[in-house]
Amino acid sequence: MLSGTRGSGTIFFGNCNLRCVYCQNYQISQDYGAQIFNEIGIVTLAEQMLHLQEKGCHNINLVTPSHMVPQIVQSLVEAVPRGLKLPLVYNTSGYDSPEAIRMLDGIINIYLPDLRYASDDYGEKYSSVKDYVPNARAAIKEMYRQVGDLVLDDEGIAQQGVIVRHLILPNRRAGSRESLTWLAEEVSPTITLSVMSQYYPANRAAQYPELARTITYDEYTEVVELLEKLGMDNGWLQEMDAPINYRPDFKTPGHPFESAGNGKN
């Protein structure tokens, strides 16, 4: 869908506008000291995009881009006249300014947002933001207005559209019932979903008893049954063994998921 046969040209932006206590990518999302030595300029970013295109990647996948929107747009001003033509993926936590998303209309082809919470209290407790729900919901509505349902080419590779990720959390802390119902009723029941069961207590999650375990089979099947009830059948659903396959280590040489079973991000 994104990776296809030639891979997704993934560019990780250091740091993040969330501070999730369970973040699996905390080594690059929350360690400011490690990122200061990896800064690059606008032209270099443009050259990296062009290099990924030359290698044959299906798209340019911008991971955690929310706090870098001006720099990304400037790099595209450099890259597009030099031949960049791949679809652009905006791969985000969902905590985006709706105004910033509106400014990306006509620039981004594929939006890949998370929908993490249905409760601002949990957003503040676990991710250190006070207004996750209204911002994420407004941003996703604007994303869907711009690019709509997922469109694939003849090879099954995404070209345009919205894919919403939803990570099931232990003890219903993600508010799956409320969030998915909102998506079906307020956005569209045909929107593409990636429902993830890969949660494990990474980073500082072990300090929170309610998050200090993987999800149970009952928590998983509750979400599956809800999707069936809502008629939301576009997308993907991870199997229950996902937690053992999605454990990146950004401090090891090579691909960060090479030691994480056979899983891929």
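Every number here is computed from the coordinates shown, using simple stated rules; none is lab data. All figures in this text were calculated on a predicted structure; none of them were measured in a lab. All Cβ positions, glycine included, derive from the backbone under ideal geometry; neighbour counts span all protein chains shown.
A few remarks follow.
- You can think of it this way: the chain between E225 and E239 has 3.6 nm of extra reach, that is 0.36 nm per residue less the Cα-Cα gap.
- Sparse packing (at most 12 other Cβ atoms within 10 Å of the Cβ) combined with a DSSP loop state is found for the following trypsin sites (Lys or Arg not before Pro) in region 67-115: K85.
- Antiparallel DSSP beta bridges within the chain, as percent of all bridges there, nearest 5: 10 percent
- Taking amide H positions as modeled 1.01 Å from N, with prolines and chain starts lacking one, the residues under 5 Å from A118 and 5 or more places away or on another chain are G175.
- Given charges at Cβ of Lys, Arg, Asp, Glu: region 9-245 dipole, positive-most of V69, P113, L193: V69
- Mean separation of Cα contacts under 8 Å (6+ apart) over length of region 9-245, as relative contact order %: 17 percent
- Electrostatic bookkeeping for E47 treats Lys and Arg as +1 and Asp and Glu as -1; over the other residues with beta carbon under 14 Å from its beta carbon, the sum is 0.
- Listed residues L150, Y126, Q27: farthest to the positive end of the dipole of the chain (Cβ charges): Q27
- Distance in nm between pseudo-label sites at I40 and K130 (7 Å out along the Cβ direction from Cα): 3.7 nm
- For region 9-245, the alpha carbon convex hull comes to 128 Å³ per residue, rounded to a whole number.
- Shown for the chain: cysteine residues without a partner Cβ closer than 4.7 Å, namely C16, C57.
- Entry note, the chain: the mean residue ellipticity at 222 nm calculated from DSSP H runs of n ≥ 4, each adding -39500 (n - 2.57), is -9000 deg cm²/dmol after division by the residues and rounding to the nearest 500.
- Loop-located GluC sites (Glu not before Pro) across region 127-181 with a Cβ neighbour count of 13 or fewer within 10 Å are E155, with loop assigned by DSSP.
- Pairs of lysines in the chain whose Cα atoms sit within less than 21 Å of one another amount to 4, provided the residues are eight or more positions apart or on different chains.
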